[in-house]
Amino acid sequence: MLKKVFGSAVFGVEATTVTVEVNIDKGIGYHLVGLPDNAIKESNYRIAAALQNNGFKIPGKKITINMAPADLRKEGSAYDLTLAIGILTSSNQIEAKNLQDFLIMGELSLDGSLQPIRGALPIAVKAQAEGFKGFILPSQNAKEAAIVDDLQVFGVDNIKQVIDYFDHGTPLIETIIDAQKEFYKSLEFPEFDFSDVKGQESIKRCMEIAAAGGHNIILIGPPGAGKTMLAKRLPSILPPMTMFEALETTKIHSVVGRVKAHSGLMAQRPFRSPHHTISDVALVGGGAYPQPGEISLSHNGVLFLDELPEFKRGVLEVLRQPLEDREVTISRAKFTVTYPSSFMLVASMNPSPSGYFNDPDAPLTSSPAEMQRYLSKVSGPLLDRIDIHIEVTPVPFEKLAEDRNGESSVTIRKRVTAARELQTKRFEASDVVHYNAQMNTKHIREYCVLDDSSKNLLKTAMERLNLSARAYDRILNNTLIHI
(Lines give C-alpha, C1' and ligand atoms only; values in the text may rest on other atoms or scores of the structure.)
Protein backbone atom coordinates (compact mmCIF):
# COMPACT_ATOMS: atom_id res chain seq x y z
CA MET A 1 0.00 0.00 0.00
CA LEU A 2 1.23 3.50 -0.85
CA LYS A 3 1.17 6.22 1.81
CA LYS A 4 2.50 9.79 1.79
CA VAL A 5 3.97 11.61 4.78
CA PHE A 6 5.35 15.14 4.71
CA GLY A 7 8.66 16.41 6.03
CA SER A 8 10.94 19.30 5.11
CA ALA A 9 14.49 20.01 3.94
CA VAL A 10 16.33 23.19 4.95
CA PHE A 11 18.49 24.76 2.26
CA GLY A 12 20.25 27.95 3.24
CA VAL A 13 17.79 29.65 5.60
CA GLU A 14 14.71 28.53 3.67
CA ALA A 15 12.82 25.23 3.83
CA THR A 16 11.41 23.00 1.07
CA THR A 17 8.60 20.53 1.70
CA VAL A 18 9.62 16.90 1.18
CA THR A 19 7.02 14.27 0.33
CA VAL A 20 7.99 10.87 1.74
CA GLU A 21 6.26 8.17 -0.33
CA VAL A 22 6.25 4.73 1.31
CA ASN A 23 5.14 1.69 -0.71
CA ILE A 24 5.01 -1.82 0.79
CA ASP A 25 4.56 -4.77 -1.55
CA LYS A 26 5.31 -8.48 -1.85
CA GLY A 27 8.95 -9.43 -1.60
CA ILE A 28 11.85 -8.62 0.70
CA GLY A 29 14.04 -5.54 0.75
CA TYR A 30 14.43 -1.98 1.97
CA HIS A 31 15.01 0.60 -0.74
CA LEU A 32 15.44 4.29 0.13
CA VAL A 33 15.79 6.71 -2.81
CA GLY A 34 15.67 10.47 -3.39
CA LEU A 35 19.28 11.58 -2.64
CA PRO A 36 19.39 10.74 1.10
CA ASP A 37 22.70 11.15 2.95
CA ASN A 38 24.28 8.51 5.20
CA ALA A 39 22.41 9.68 8.30
CA ILE A 40 19.09 9.02 6.53
CA LYS A 41 20.28 5.70 5.09
CA GLU A 42 21.13 4.53 8.61
CA SER A 43 17.67 5.50 9.86
CA ASN A 44 16.22 2.00 9.28
CA TYR A 45 18.27 0.69 12.25
CA ARG A 46 16.99 3.42 14.56
CA ILE A 47 13.43 3.02 13.29
CA ALA A 48 13.47 -0.77 13.69
CA ALA A 49 14.64 -0.57 17.32
CA ALA A 50 12.25 2.28 18.20
CA LEU A 51 9.24 0.45 16.75
CA GLN A 52 10.14 -2.85 18.40
CA ASN A 53 10.54 -1.16 21.79
CA ASN A 54 7.05 0.32 21.42
CA GLY A 55 5.18 -2.79 20.30
CA PHE A 56 5.46 -2.42 16.52
CA LYS A 57 7.82 -3.67 13.81
CA ILE A 58 9.15 -3.10 10.32
CA PRO A 59 7.25 -5.60 8.13
CA GLY A 60 9.27 -8.31 6.42
CA LYS A 61 8.22 -7.21 2.95
CA LYS A 62 9.58 -5.11 0.12
CA ILE A 63 9.65 -1.51 1.33
CA THR A 64 10.32 1.24 -1.21
CA ILE A 65 10.65 4.82 0.06
CA ASN A 66 11.00 7.83 -2.22
CA MET A 67 11.84 11.29 -0.86
CA ALA A 68 10.49 13.82 -3.38
CA PRO A 69 11.66 16.05 -4.97
CA ALA A 70 14.16 13.34 -5.85
CA ASP A 71 16.80 15.77 -7.20
CA LEU A 72 17.10 17.72 -3.90
CA ARG A 73 19.78 16.48 -1.50
CA LYS A 74 18.39 15.49 1.92
CA GLU A 75 20.55 15.37 5.02
CA GLY A 76 20.37 14.66 8.71
CA SER A 77 18.50 12.37 11.05
CA ALA A 78 15.38 14.54 11.38
CA TYR A 79 13.43 12.32 8.95
CA ASP A 80 13.37 9.31 11.33
CA LEU A 81 9.88 10.06 12.66
CA THR A 82 8.56 10.89 9.17
CA LEU A 83 9.80 7.57 7.77
CA ALA A 84 8.58 5.58 10.78
CA ILE A 85 5.02 6.92 10.56
CA GLY A 86 5.03 6.27 6.81
CA ILE A 87 6.06 2.63 7.35
CA LEU A 88 3.43 2.09 10.06
CA THR A 89 0.59 3.53 7.98
CA SER A 90 1.64 1.82 4.75
CA SER A 91 1.79 -1.58 6.50
CA ASN A 92 -1.65 -1.01 8.11
CA GLN A 93 -0.27 -1.22 11.63
CA ILE A 94 -1.94 2.10 12.41
CA GLU A 95 -4.57 4.28 10.76
CA ALA A 96 -4.01 7.94 10.00
CA LYS A 97 -6.87 9.52 8.11
CA ASN A 98 -5.69 13.13 8.43
CA LEU A 99 -1.98 12.49 7.78
CA GLN A 100 -1.93 14.94 4.86
CA ASP A 101 -2.70 17.84 7.23
CA PHE A 102 0.56 17.50 9.16
CA LEU A 103 4.23 18.02 8.63
CA ILE A 104 6.20 15.55 10.79
CA MET A 105 9.89 15.74 11.77
CA GLY A 106 12.06 14.26 14.51
CA GLU A 107 15.13 12.15 15.25
CA LEU A 108 14.45 8.83 16.99
CA SER A 109 16.40 7.24 19.81
CA LEU A 110 16.35 3.45 20.07
CA ASP A 111 13.69 3.57 22.79
CA GLY A 112 11.41 5.74 20.65
CA SER A 113 12.12 9.05 22.38
CA LEU A 114 12.72 12.09 20.19
CA GLN A 115 15.83 14.23 19.90
CA PRO A 116 15.80 17.93 18.82
CA ILE A 117 16.20 18.87 15.17
CA ARG A 118 17.76 21.79 13.30
CA GLY A 119 15.84 24.40 11.35
CA ALA A 120 12.52 24.12 13.21
CA LEU A 121 11.64 27.80 12.63
CA PRO A 122 12.19 27.94 8.83
CA ILE A 123 10.37 24.60 8.53
CA ALA A 124 7.40 26.00 10.46
CA VAL A 125 7.35 29.13 8.28
CA LYS A 126 7.23 26.95 5.15
CA ALA A 127 4.56 24.65 6.61
CA GLN A 128 2.31 27.62 7.39
CA ALA A 129 2.87 29.08 3.89
CA GLU A 130 1.90 25.79 2.23
CA GLY A 131 -1.32 25.40 4.20
CA PHE A 132 -0.48 22.60 6.62
CA LYS A 133 -2.71 22.62 9.67
CA GLY A 134 -0.16 21.25 12.11
CA PHE A 135 3.51 20.55 12.72
CA ILE A 136 4.57 17.58 14.89
CA LEU A 137 8.16 17.77 16.15
CA PRO A 138 10.30 17.13 19.26
CA SER A 139 9.15 19.05 22.33
CA GLN A 140 12.58 20.74 22.64
CA ASN A 141 11.88 22.64 19.40
CA ALA A 142 8.18 23.35 20.01
CA LYS A 143 8.49 26.91 21.38
CA GLU A 144 10.80 27.86 18.52
CA ALA A 145 8.29 26.66 15.90
CA ALA A 146 5.26 28.05 17.77
CA ILE A 147 6.42 31.60 16.99
CA VAL A 148 4.73 31.15 13.59
CA ASP A 149 1.08 32.23 13.55
CA ASP A 150 -1.80 30.18 12.06
CA LEU A 151 -0.01 26.85 12.54
CA GLN A 152 -0.74 24.30 15.24
CA VAL A 153 2.52 23.09 16.78
CA PHE A 154 2.62 19.86 18.76
CA GLY A 155 5.76 19.04 20.72
CA VAL A 156 6.12 15.33 21.52
CA ASP A 157 8.61 13.33 23.57
CA ASN A 158 8.07 9.84 22.16
CA ILE A 159 6.89 8.17 18.95
CA LYS A 160 4.15 6.44 20.99
CA GLN A 161 2.42 9.79 21.47
CA VAL A 162 2.31 10.32 17.68
CA ILE A 163 1.05 6.77 17.08
CA ASP A 164 -1.70 7.14 19.70
CA TYR A 165 -2.77 10.45 18.18
CA PHE A 166 -3.21 9.09 14.66
CA ASP A 167 -4.45 5.60 15.59
CA HIS A 168 -6.61 6.25 18.66
CA GLY A 169 -7.29 9.97 18.54
CA THR A 170 -5.44 10.63 21.80
CA PRO A 171 -5.04 14.43 21.76
CA LEU A 172 -1.64 16.06 21.62
CA ILE A 173 -0.93 19.19 23.64
CA GLU A 174 -0.57 22.21 21.39
CA THR A 175 2.28 24.60 22.13
CA ILE A 176 0.98 28.17 22.16
CA ILE A 177 3.16 31.18 22.88
CA ASP A 178 2.69 34.91 22.67
CA ALA A 179 5.57 35.96 20.37
CA GLN A 180 5.53 39.56 21.63
CA LYS A 181 5.55 38.45 25.26
CA GLU A 182 8.28 35.90 24.57
CA PHE A 183 10.32 38.57 22.83
CA TYR A 184 10.17 41.09 25.67
CA LYS A 185 10.74 38.38 28.27
CA SER A 186 14.02 37.51 26.59
CA LEU A 187 15.27 41.12 26.55
CA GLU A 188 17.86 40.65 29.27
CA PHE A 189 20.56 43.28 29.60
CA PRO A 190 24.04 42.14 28.47
CA GLU A 191 26.53 40.93 31.06
CA PHE A 192 29.23 43.52 30.31
CA ASP A 193 28.71 47.23 31.07
CA PHE A 194 30.60 50.35 30.01
CA SER A 195 30.61 51.54 33.63
CA ASP A 196 33.43 49.03 34.19
CA VAL A 197 35.71 50.95 31.79
CA LYS A 198 38.00 53.45 33.51
CA GLY A 199 38.90 56.53 31.46
CA GLN A 200 38.90 56.19 27.67
CA GLU A 201 36.12 58.78 27.36
CA SER A 202 36.97 59.70 23.77
CA ILE A 203 37.11 56.00 22.78
CA LYS A 204 33.70 55.36 24.35
CA ARG A 205 32.33 58.37 22.48
CA CYS A 206 33.64 56.93 19.19
CA MET A 207 32.02 53.58 19.96
CA GLU A 208 28.74 55.31 20.76
CA ILE A 209 28.85 57.04 17.38
CA ALA A 210 29.62 53.72 15.66
CA ALA A 211 26.73 52.02 17.47
CA ALA A 212 24.33 54.86 16.58
CA GLY A 213 25.06 54.55 12.86
CA GLY A 214 25.84 50.82 12.70
CA HIS A 215 29.38 51.54 11.49
CA ASN A 216 32.34 49.17 11.33
CA ILE A 217 35.23 50.12 13.61
CA ILE A 218 38.82 49.10 14.25
CA LEU A 219 40.64 49.64 17.55
CA ILE A 220 44.40 50.14 17.23
CA GLY A 221 46.55 50.19 20.33
CA PRO A 222 49.18 48.40 22.44
CA PRO A 223 48.47 45.23 24.45
CA GLY A 224 46.54 45.89 27.66
CA ALA A 225 45.06 49.20 26.50
CA GLY A 226 41.50 47.82 26.76
CA LYS A 227 40.62 47.01 23.14
CA THR A 228 38.97 43.66 23.87
CA MET A 229 37.27 45.01 26.99
CA LEU A 230 35.70 47.83 24.99
CA ALA A 231 34.64 45.55 22.13
CA LYS A 232 32.87 43.09 24.43
CA ARG A 233 30.79 45.94 25.84
CA LEU A 234 29.61 47.25 22.48
CA PRO A 235 26.46 45.02 22.38
CA SER A 236 25.34 46.59 25.67
CA ILE A 237 24.84 49.98 23.98
CA LEU A 238 23.28 48.75 20.73
CA PRO A 239 19.53 49.41 20.44
CA PRO A 240 17.23 46.48 21.27
CA MET A 241 16.35 44.25 18.33
CA THR A 242 13.03 44.71 16.61
CA MET A 243 10.65 41.75 16.29
CA PHE A 244 11.61 41.39 12.61
CA GLU A 245 15.33 41.33 13.46
CA ALA A 246 14.72 38.78 16.21
CA LEU A 247 12.87 36.48 13.78
CA GLU A 248 15.64 36.81 11.18
CA THR A 249 18.35 36.07 13.74
CA THR A 250 16.49 33.12 15.25
CA LYS A 251 15.96 31.65 11.80
CA ILE A 252 19.69 31.63 11.03
CA HIS A 253 20.67 30.16 14.40
CA SER A 254 17.90 27.59 14.08
CA VAL A 255 19.45 26.25 10.88
CA VAL A 256 22.69 25.37 12.69
CA GLY A 257 20.92 24.15 15.84
CA ARG A 258 22.12 26.98 18.08
CA VAL A 259 18.73 27.97 19.50
CA LYS A 260 18.58 26.76 23.09
CA ALA A 261 16.20 23.89 23.84
CA HIS A 262 12.73 24.97 25.01
CA SER A 263 13.43 28.61 24.04
CA GLY A 264 11.64 30.73 21.48
CA LEU A 265 12.94 33.97 20.01
CA MET A 266 16.51 35.19 20.27
CA ALA A 267 16.08 38.71 21.59
CA GLN A 268 19.77 39.49 22.26
CA ARG A 269 22.00 40.74 19.48
CA PRO A 270 24.61 38.06 18.70
CA PHE A 271 28.26 38.69 19.52
CA ARG A 272 30.63 36.35 17.65
CA SER A 273 34.36 36.27 18.27
CA PRO A 274 36.03 33.54 16.16
CA HIS A 275 39.64 32.48 16.77
CA HIS A 276 42.24 33.73 14.30
CA THR A 277 42.84 30.17 13.03
CA ILE A 278 39.34 30.08 11.49
CA SER A 279 39.05 28.95 7.85
CA ASP A 280 37.39 30.98 5.12
CA VAL A 281 34.54 28.42 4.86
CA ALA A 282 33.87 28.60 8.61
CA LEU A 283 33.81 32.40 8.40
CA VAL A 284 31.74 32.93 5.27
CA GLY A 285 29.72 29.68 5.26
CA GLY A 286 29.33 26.84 2.78
CA GLY A 287 30.64 23.27 2.84
CA ALA A 288 29.40 20.05 1.23
CA TYR A 289 26.09 20.63 2.99
CA PRO A 290 25.88 24.45 3.08
CA GLN A 291 25.75 26.01 6.53
CA PRO A 292 25.87 29.66 7.66
CA GLY A 293 29.31 30.91 8.70
CA GLU A 294 30.31 33.27 11.48
CA ILE A 295 29.42 36.36 9.46
CA SER A 296 25.83 35.15 9.08
CA LEU A 297 25.63 34.04 12.71
CA SER A 298 26.58 37.68 13.48
CA HIS A 299 23.61 39.00 11.47
CA ASN A 300 21.97 41.93 13.31
CA GLY A 301 24.82 41.80 15.83
CA VAL A 302 28.59 42.15 16.17
CA LEU A 303 31.46 40.21 14.60
CA PHE A 304 34.63 40.80 16.65
CA LEU A 305 37.99 39.93 15.09
CA ASP A 306 40.64 40.25 17.77
CA GLU A 307 44.25 40.69 16.58
CA LEU A 308 43.18 41.25 12.98
CA PRO A 309 46.63 40.75 11.32
CA GLU A 310 46.86 37.26 12.85
CA PHE A 311 44.00 36.05 10.63
CA LYS A 312 45.00 34.52 7.31
CA ARG A 313 44.90 37.12 4.58
CA GLY A 314 42.67 34.93 2.39
CA VAL A 315 40.18 34.64 5.26
CA LEU A 316 40.05 38.42 5.70
CA GLU A 317 39.57 39.05 1.99
CA VAL A 318 36.31 37.05 1.93
CA LEU A 319 34.84 39.72 4.23
CA ARG A 320 34.96 42.40 1.55
CA GLN A 321 31.84 41.44 -0.41
CA PRO A 322 29.61 40.73 2.66
CA LEU A 323 30.62 44.07 4.20
CA GLU A 324 29.57 45.85 1.02
CA ASP A 325 26.40 43.91 0.12
CA ARG A 326 25.28 42.83 3.62
CA GLU A 327 24.65 39.33 2.33
CA VAL A 328 26.86 36.48 1.17
CA THR A 329 26.16 34.29 -1.85
CA ILE A 330 27.89 30.92 -1.98
CA SER A 331 28.01 29.31 -5.40
CA ARG A 332 29.11 25.75 -6.07
CA ALA A 333 28.66 23.39 -9.02
CA LYS A 334 25.46 21.92 -7.59
CA PHE A 335 23.97 24.76 -5.55
CA THR A 336 23.80 28.49 -4.93
CA VAL A 337 22.69 29.75 -1.55
CA THR A 338 22.42 33.25 -0.06
CA TYR A 339 22.75 34.06 3.64
CA PRO A 340 22.05 37.47 5.23
CA SER A 341 25.08 39.09 6.85
CA SER A 342 24.25 42.59 8.03
CA PHE A 343 26.59 42.94 10.99
CA MET A 344 28.87 45.45 12.69
CA LEU A 345 32.51 44.51 12.21
CA VAL A 346 34.65 45.35 15.23
CA ALA A 347 38.36 44.61 14.80
CA SER A 348 41.37 45.18 16.98
CA MET A 349 45.09 45.16 16.24
CA ASN A 350 48.45 46.29 17.54
CA PRO A 351 50.08 49.23 15.74
CA SER A 352 53.32 47.25 15.28
CA PRO A 353 54.67 43.70 15.80
CA SER A 354 55.81 44.57 19.32
CA GLY A 355 52.55 46.38 19.96
CA TYR A 356 54.04 49.53 21.49
CA PHE A 357 54.52 51.83 18.51
CA ASN A 358 52.11 54.50 19.75
CA ASP A 359 52.94 54.07 23.46
CA PRO A 360 55.01 57.13 24.51
CA ASP A 361 56.49 55.27 27.50
CA ALA A 362 57.68 52.18 25.60
CA PRO A 363 60.80 51.93 23.39
CA LEU A 364 60.37 51.25 19.67
CA THR A 365 61.67 47.71 19.10
CA SER A 366 60.36 46.98 15.59
CA SER A 367 62.21 48.00 12.45
CA PRO A 368 60.39 49.87 9.66
CA ALA A 369 60.55 46.72 7.48
CA GLU A 370 58.97 44.60 10.24
CA MET A 371 56.24 47.17 10.75
CA GLN A 372 55.50 47.35 7.04
CA ARG A 373 55.33 43.56 6.79
CA TYR A 374 53.02 43.41 9.80
CA LEU A 375 50.66 46.14 8.60
CA SER A 376 50.52 44.72 5.05
CA LYS A 377 48.73 41.63 6.39
CA VAL A 378 45.53 43.70 6.31
CA SER A 379 44.73 44.92 2.80
CA GLY A 380 43.83 48.48 1.91
CA PRO A 381 40.47 47.53 0.35
CA LEU A 382 39.43 45.84 3.61
CA LEU A 383 40.47 48.85 5.71
CA ASP A 384 38.53 51.06 3.28
CA ARG A 385 35.38 49.22 4.36
CA ILE A 386 35.95 49.99 8.04
CA ASP A 387 34.34 53.35 8.72
CA ILE A 388 36.00 54.44 11.96
CA HIS A 389 39.64 53.88 12.95
CA ILE A 390 40.22 54.49 16.67
CA GLU A 391 43.61 54.87 18.35
CA VAL A 392 43.49 53.32 21.84
CA THR A 393 46.16 54.43 24.33
CA PRO A 394 46.87 52.91 27.76
CA VAL A 395 44.90 54.25 30.72
CA PRO A 396 47.07 56.16 33.24
CA PHE A 397 47.28 54.87 36.81
CA GLU A 398 45.32 57.82 38.20
CA LYS A 399 42.29 56.88 36.09
CA LEU A 400 42.57 53.19 36.94
CA ALA A 401 42.71 53.95 40.66
CA GLU A 402 39.58 56.14 40.64
CA ASP A 403 36.63 54.86 42.66
CA ARG A 404 34.14 56.59 40.43
CA ASN A 405 32.55 54.41 37.75
CA GLY A 406 32.15 55.57 34.17
CA GLU A 407 28.88 56.25 32.40
CA SER A 408 26.65 53.17 32.36
CA SER A 409 25.62 51.29 29.22
CA VAL A 410 21.96 52.01 30.00
CA THR A 411 22.54 55.75 29.71
CA ILE A 412 24.58 55.46 26.51
CA ARG A 413 22.06 53.04 25.02
CA LYS A 414 19.25 55.57 25.42
CA ARG A 415 21.15 58.08 23.27
CA VAL A 416 22.00 55.41 20.69
CA THR A 417 18.38 54.27 20.51
CA ALA A 418 17.17 57.86 20.07
CA ALA A 419 19.67 58.34 17.22
CA ARG A 420 18.52 55.10 15.55
CA GLU A 421 14.89 56.22 15.79
CA LEU A 422 15.76 59.43 13.92
CA GLN A 423 17.50 57.40 11.23
CA THR A 424 14.58 54.97 10.93
CA LYS A 425 12.24 57.91 10.43
CA ARG A 426 14.58 59.46 7.84
CA PHE A 427 14.67 56.25 5.78
CA GLU A 428 11.08 55.14 6.36
CA ALA A 429 10.39 55.22 2.61
CA SER A 430 13.11 52.59 2.00
CA ASP A 431 12.74 48.83 2.53
CA VAL A 432 16.48 48.13 2.67
CA VAL A 433 18.01 51.17 4.41
CA HIS A 434 17.23 51.62 8.12
CA TYR A 435 20.35 53.30 9.54
CA ASN A 436 23.29 55.33 8.30
CA ALA A 437 25.77 52.53 7.60
CA GLN A 438 23.33 51.03 5.07
CA MET A 439 23.18 54.17 2.92
CA ASN A 440 24.14 53.90 -0.73
CA THR A 441 25.75 56.61 -2.86
CA LYS A 442 22.40 58.20 -3.67
CA HIS A 443 21.54 58.65 0.02
CA ILE A 444 25.01 59.98 0.82
CA ARG A 445 24.74 62.66 -1.87
CA GLU A 446 21.27 63.62 -0.63
CA TYR A 447 21.87 63.77 3.12
CA CYS A 448 25.62 64.32 3.61
CA VAL A 449 26.09 67.83 2.21
CA LEU A 450 29.31 69.62 3.24
CA ASP A 451 29.98 73.34 3.46
CA ASP A 452 33.00 74.90 1.72
CA SER A 453 35.37 74.71 4.69
CA SER A 454 34.55 71.03 5.24
CA LYS A 455 35.12 70.32 1.56
CA ASN A 456 38.55 71.96 1.70
CA LEU A 457 39.47 69.95 4.80
CA LEU A 458 38.36 66.71 3.13
CA LYS A 459 40.24 67.59 -0.05
CA THR A 460 43.45 68.08 1.94
CA ALA A 461 42.96 64.75 3.71
CA MET A 462 42.30 62.95 0.42
CA GLU A 463 45.49 64.33 -1.12
CA ARG A 464 47.84 63.87 1.85
CA LEU A 465 46.58 60.45 2.92
CA ASN A 466 45.97 59.14 -0.60
CA LEU A 467 42.42 58.10 0.24
CA SER A 468 40.23 56.17 -2.19
CA ALA A 469 36.79 57.05 -3.53
CA ARG A 470 35.30 54.48 -1.18
CA ALA A 471 37.03 56.15 1.76
CA TYR A 472 35.57 59.46 0.58
CA ASP A 473 32.03 58.01 0.78
CA ARG A 474 32.76 56.47 4.17
CA ILE A 475 33.88 59.84 5.55
CA LEU A 476 30.74 61.53 4.24
CA ASN A 477 28.65 58.74 5.75
CA ASN A 478 30.17 59.39 9.16
CA THR A 479 29.13 63.07 9.07
CA LEU A 480 25.50 62.04 9.54
CA ILE A 481 25.71 60.07 12.76
CA HIS A 482 23.37 61.89 15.12
CA ILE A 483 21.50 64.18 12.79
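Brief remarks on what is shown
- When +1 charges are put on Lys and Arg Cβ atoms and -1 charges on Asp and Glu Cβ atoms, the dipole computed for the chain relative to its Cα centre reaches about 700 debye.
- Distance in nm between pseudo-label sites at ASN23 and VAL449 (7 Å out along the Cβ direction from Cα): 7.2 nm
- On full extension, the segment bounded by TYR30 and SER376 gains 118.7 nm, given 0.36 nm per residue less the C-alpha separation.
- Annotation for VAL432 and ARG320: the two label points, set 7 Å from Cα along the Cα-Cβ direction, are 2.1 nm apart.
- Modelled FRET efficiency - R0 41 Å, ARG415 with SER367, Cβ distances, 0.05 increments: 0.40
- Label-to-label distance for SER202 and SER468 is 2.7 nm, based on points extended 7 Å past Cα in the beta-carbon direction.
- Surface exposure of the chain, expressed per residue as accessible area with a 1.4 Å probe, stands at 47 Å².
- Per-atom-type breakdown for the chain gives carbon and sulfur 52% of the accessible area (1.4 Å probe, protein chains only).
- Placing R0 at 25 angstrom, the Cβ-Cβ distance between ALA49 and ILE173 gives a FRET efficiency of 0.45 after rounding to 0.05.
- Of all beta bridges that DSSP places with both ends in segment 1-110, some 70 percent have antiparallel geometry.
- Among [x] 25.4; [y] 27.0; [z] 23.2, the entry that matches Kirkwood radius over Cα pairs in Å as calculated here: [x]
- Projecting the Cα atoms of SER331, PHE311, LEU297 onto the charge dipole of the chain, computed from C-beta unit charges around the Cα centre, puts SER331 farthest toward the positive end.
- When only Cα pairs below 8 angstrom with a gap of at least 6 residues are kept, segment 46-113 shows a relative contact order of 55 percent.
- DSSP beta bridge pairing in the chain, given as percent antiparallel to the nearest 5: 50 percent
- Length gained on full extension, ARG313 to SER273, computed as 0.36 nm times the residue gap minus the Cα-Cα distance: 12.7 nm.
- Whole-angstrom gap from segment 313-337 to segment 243-300, using each part's C-alpha centre: 15 Å
- Dipole magnitude for segment 19-140: computed about the Cα centre from +1 point charges on Lys and Arg Cβ and -1 point charges on Asp and Glu Cβ, it is near 180 debye.
- Placing +1 on each Lys and Arg Cβ and -1 on each Asp and Glu Cβ, with no other charges, gives segment 113-183 a dipole about its Cα centre of roughly 180 debye.
- Global geometry of segment 61-214, whether rounded, prolate or oblate, following the gyration tensor of its Cα atoms and the 1.5 cut on a/c: prolate
- GLN93/THR338 FRET efficiency (R0 41 Å; Cβ-Cβ; nearest 0.05): 0.45
The values are calculated or read from the model by the stated rules, or taken from the named source; none is laboratory data. As the structure is a prediction and not an experimental result, all values here were calculated from the model. Methodologically, a virtual Cβ is constructed for each residue, glycine included, from the backbone with ideal geometry; neighbour enumeration extends over all protein chains shown. In case anyone asks, the SASA skips ligands and DNA or RNA and just uses the protein heavy atoms, side chains included. Shrake-Rupley method; radii C 1.70, N 1.55, O 1.52, S 1.80 Å.
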